[in-house]
1. In the range A:256-284, what count of residues is obtained for those that are touching a residue at least 60 places away in the same chain (Cβ under 8 Å), assigned to a helix (DSSP H, G or I) and over 13 Å from A:Val220 (Cα atoms)?
2. May I ask you to verify whether B:Lys184 is in contact with a helix residue (DSSP H, G or I) (Cβ under 9 Å, 6 or more places away or on another chain) and free of Cβ contacts under 8 Å to residues at least 12 places away in the same chain?
3. Return the residues of the range A:126-138 that are facing chain B (nearest Cβ under 7 Å) and closer than 18 Å to A:Tyr84 by Cβ; say none if nothing qualifies.
4. Tell me, which residue of the range B:183-230 that is charged (D, E, K, R) and assigned to a strand (DSSP E or B) is nearest to B:Gly11 (Cα to Cα)?
5. Which one of B:Phe58, B:Phe89 is among the aromatic types (Phe, Trp, Tyr), at pLDDT 95 or above and farther than 25 Å from B:Val265 by Cβ?
6. Please determine whether any residue of the range A:139-156 is facing chain B (nearest Cβ under 7 Å), assigned to a strand (DSSP E or B) and more than 27 Å from A:Ala290 (Cβ to Cβ).
7. Please go through the range A:9-53 and pick out each residue that is touching a residue at least 12 places away in the same chain (Cβ under 8 Å) and of a type in the set (Phe, Trp, Tyr).
8. Looking at (1) part of a helix (DSSP H, G or I); (2) within 29 Å of A:Gly142 (Cα to Cα); (3) of a type in the set (Phe, Trp, Tyr), find the lone condition where B:Tyr135 falls short.
There are 2 protein chains.
Amino acid sequence: MEKILLAHGGGGQKTSELIQKKIHKYFNDPILSRMDDSAVLDKWVFTTDSFVVNPLFFPGGDIGELAVSGTVNDISVMGARPLYMSVGFIIEEGFDADVLEKILDSMKKAADKSGVRIVTGDTKVVERGKCDNIYINTSGIGEIVFSPPPSVEQIKPGDVVLINGPIGLHQIAVLTARDEFGLKTEVYSDVAPLWPLIKQFQGLDIKFMRDPTRGGIAQVLSEITINRDFGIQIHEEALPVTPEVAGVCEILGFDVLHLANEGKVIIIAAEKDAQKLLEIMDTHPLGKGARIIGKVTEKNQGLVFLKTTAQSERIIMPPTGELVPRIC
Amino acid sequence: MEKILLAHGGGGQKTSELIQKKIHKYFNDPILSRMDDSAVLDKWVFTTDSFVVNPLFFPGGDIGELAVSGTVNDISVMGARPLYMSVGFIIEEGFDADVLEKILDSMKKAADKSGVRIVTGDTKVVERGKCDNIYINTSGIGEIVFSPPPSVEQIKPGDVVLINGPIGLHQIAVLTARDEFGLKTEVYSDVAPLWPLIKQFQGLDIKFMRDPTRGGIAQVLSEITINRDFGIQIHEEALPVTPEVAGVCEILGFDVLHLANEGKVIIIAAEKDAQKLLEIMDTHPLGKGARIIGKVTEKNQGLVFLKTTAQSERIIMPPTGELVPRIC
């Protein structure tokens, strides 16, 4: 690794390589090394994310909603209530102040929806051509309210794997907005702050939650399964995929499991609470189309398997290189 | 304000304008509106800063040391011990991985010096030409240990204003590294995490602290004096300025009070503790050249005055536009 490549930021294997071989060589705090999306500090969680999406506005959302939702979701999947958020803007000289206001308005709305308070910030302006319009970093603090807090250590064979609705929407919406591959779709991003949904899971036997953003479901499930004494089996026919997303994947050869989502949460829960979870999600706007998509198995330890509609099995690998175009 | 200008990121009046007229229109949390460099959350402080310095390496430091020190210092001046830090990288495609390692190494060293733990992070890679090598955001959490916590409300006429050493070094070092104005100097940036020094002030009657970065001393003192029932008088002859920095200011017409520092703290303290503070600083590597530079006055309420070496007085205004070249 002599030069940083786009794939190093793709959220897949190259990103893990960069983090593990370079970054963790210097930053080796035991909390950081857990590789959760948020750091767990006693009863608090702390997380950060930078948003560099292009275009800034896409069907169903914009960079502002994304920047707040991304950090709210990273906190929420830790079983924590989002409390405080910082916002760091890097703005390109000449950026339109009215567009900035639209983004600020989206951020405020997303923050209000999730109850998070924006309490500190920073604004830098860089010369024209030194940034792609605007980049936004958000960092957030949440208070763990789920008891016990969800964590990968709690996952056991027999648990079920759920998702709160159709997958791949964000990635396809952004690619459409970019007019790449001449794509014309009616797909809208699923970007949303998930705390209003996730908070309703309190009291149920939730083992683990994670939002499948960059790298998609394949990345999340591979990460939590590797070196563990369980496997995960996903049923292809159970995956909630809209016909339009399925069509794009077929035409362009994308694996829907690699596509980024921004309003989805993978939930691993005790089987006894699966129906309850489906009922909660079914009555919530953020949970329409929720499904049980798989289960935690004793066999195939350390691996994620997809049982295809043709009843064959294939191993799901984390995305490597740039199998799907970078959108963030 | 139709377009965002470089001056909107300069830390002076235009930045305040952007924040107050645009950002605070949407983000109006009472904690944010206090406009401290860090948010105070009960006994915690929370702060964020993005670092976009060019060049990445300059005499006396680099972007890595800067990114950790900046956030450590924002926490420290609140009378808080830096505990946890997040790091968000935005890296340009093609960036040299060895250079990244140098930066990581600097960050680790600065974090170790200040006792802060890097516990969470994020890495994005953007296309070539969409970023200036690397941008770093750091956010931090600290625990307030000074009692009472320093805050502008505690400042009273009769208090003294101190600084821990020579001013303007960071700005001139970076400008030198850029080879702007054909500058050849031996000036080294003062960049440093200040907690090891500041923590020694505990127990003394510290009213207020702030690190004079973008916008310099003029910005900090103007901000805290405006609309208050006190004035501040600074003695020009007491300002610690090295001959080399003074020379550059004279030649290029910079006001040394507008120059950015990255290892300086302005301290406002009860007069009775001023000598004690000077003694502490004098025996610490980060406090060499510390001075009393002025006092809080009953007269000239809301204003900052400079008593010049010629014994005349002039009002110090916050920097407007780009009086000194942007370096961050």
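The values are calculated or read from the model by the stated rules, or taken from the named source; none is laboratory data. Quick caveat: nothing in here was measured; it's all calculated off a predicted structure. Cβ coordinates were reconstructed from backbone atoms using ideal geometry, including for glycine residues, and neighbour counts include every protein chain displayed.
1. Summing the residues that are touching a residue at least 60 places away in the same chain (Cβ under 8 Å), assigned to a helix (DSSP H, G or I) and over 13 Å from A:Val220 (Cα atoms) in the range A:256-284 gives 10.
2. Considered against the rule, which asks whether it is in contact with a helix residue (DSSP H, G or I) (Cβ under 9 Å, 6 or more places away or on another chain) and free of Cβ contacts under 8 Å to residues at least 12 places away in the same chain, B:Lys184 comes out as yes.
3. Correct list: A:Asn137 only.
4. That would be B:Arg210.
5. Just a single option satisfies the conditions, and that option is B:Phe89.
6. yes
7. Residues satisfying the conditions are A:Trp44, A:Phe46, A:Phe51.
8. Exception for B:Tyr135: condition (1).
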